[in-house]
1. Give all pairs with beta carbons closer than 7 Å in which a residue from segment 165-189 that is touching a residue at least 40 places away in the same chain (Cβ under 8 Å) meets a residue that is polar (S, T, N, Q) and surrounded by 11 or more Cβ atoms within 10 Å (Cβ to Cβ); count only pairs at least 6 apart in sequence or on separate chains.
2. In segment 132-189, which residues are part of a loop (DSSP other than H, G, I, E, B), among the charged types (D, E, K, R) and surrounded by fewer than 17 Cβ atoms within 10 Å (Cβ to Cβ)?
3. Could you grab me the full set of residues in segment 88-111 that are of a type outside the set (Phe, Trp, Tyr), over 11 Å from the mean Cα position of the chain (by Cα) and under 21 Å from residue 36 (Cβ atoms)?
4. When only residues in segment 106-126 that are closer than 25 Å to residue 165 by Cα and in contact (Cβ under 8 Å) with a residue 60 or more places away in the chain count, which is surrounded by the fewest Cβ atoms within 10 Å (Cβ to Cβ)?
5. Select from segment 12-31 the residues that are among the charged types (D, E, K, R) and either at pLDDT below 95 or not in a helix (DSSP H, G or I) (or both) and write down the one among them that is nearest to residue 96 (Cα to Cα).
6. Regarding residue 129, is this residue buried (at least 16 other Cβ atoms within 10 Å of the Cβ), touching a residue at least 24 places away in the same chain (Cβ under 8 Å) and in a loop (DSSP other than H, G, I, E, B)?
Amino acid sequence: MAIKCDKWIRRMVEQQGMIEPFAPELVREANGEKIVSYGTSSYGYDIRCADEFRVFTNINSTIVDPKAFDPQSFVEVSGKGYCVIPPNSFALARTVEYFRIPRNVLTICLGKSTYARCGIIVNVTPFEPEWEGYVTLEFSNTTPLPAKIYAGEGCAQVLFFEADEVCETSYKDRGGKYQGQVGVTLPKI
């Protein structure tokens, strides 16, 4: 398995529509203002956060249970261009980009250092072979202060690993429960 470079990423977007919309270069400025960068980097792709958030709240004093997750534990926030996450809490969001992962590729996604240096951790699980959809992002605010996340700007970097062989069973073959997700997707069993 080998990590893939910017030329490979551009080729996969052209041939297979792997990322839509796609920024072929790293974008560091918008409307004359500096932003948290997004787009193609040397060995990865920096994804953007869409303006669609679900902020965790404890107003119902519920138990967080991945087998019986209470959707009422979130407050929806959108249309502001940002989201404020309460201290020691988290928010879910989704990417601007829609992904179509080839059968011989696995990705790993890591948070950008700009957010990590502010105590904001971005968690994303791997994109498995033949998974497709918008990525659900989890932002954890590890600080005792409110934290701000910006929509339309970079938040994490996707690294692409191409296998020497095609996998026997892909995510699509298994009928993965998060296949084709279109919005912020809560836990499923």
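The values are calculated or read from the model by the stated rules, or taken from the named source; none is laboratory data. Treat the numbers as computed from the prediction; the structure is a model and nothing was measured. Note that each Cβ is placed from the backbone with ideal geometry, even for glycine, and that neighbours are counted across all protein chains shown.
1. 166/104; 171/179; 172/179; 178/185; 181/136; 184/136; 185/136
2. Here is the first cut: in segment 132-189, the residues part of a loop (DSSP other than H, G, I, E, B) are 142-146, 151-153, 163-170, 175-180, 182-189.
With among the charged types (D, E, K, R) added as a condition, the list becomes 153, 164-165, 168, 177, 188.
Result: 164, 165, 168, 177, 188.
3. So in segment 88-111, the residues of a type outside the set (Phe, Trp, Tyr) come out as 88-89, 91-97, 100-111.
Then keep just the ones that are over 11 Å from the mean Cα position of the chain (by Cα); that gives 88-89, 91, 100-107.
If the condition is that a residue be of a type outside the set (Phe, Trp, Tyr), over 11 Å from the mean Cα position of the chain (by Cα) and under 21 Å from residue 36 (Cβ atoms), then 89, 91, 107 are the ones that fit.
4. My answer is 106.
5. Taking segment 12-31 as the starting set, the residues that turn out to be among the charged types (D, E, K, R) are 14, 20, 25, 28-29.
With either at pLDDT below 95 or not in a helix (DSSP H, G or I) (or both) added as a condition, the list becomes 20, 25, 28-29.
On the way: 20: 8, 25: 16, 28: 16, 29: 17 Å.
Restricting to residues being among the charged types (D, E, K, R) and either at pLDDT below 95 or not in a helix (DSSP H, G or I) (or both), the top hit is 20.
6. yes
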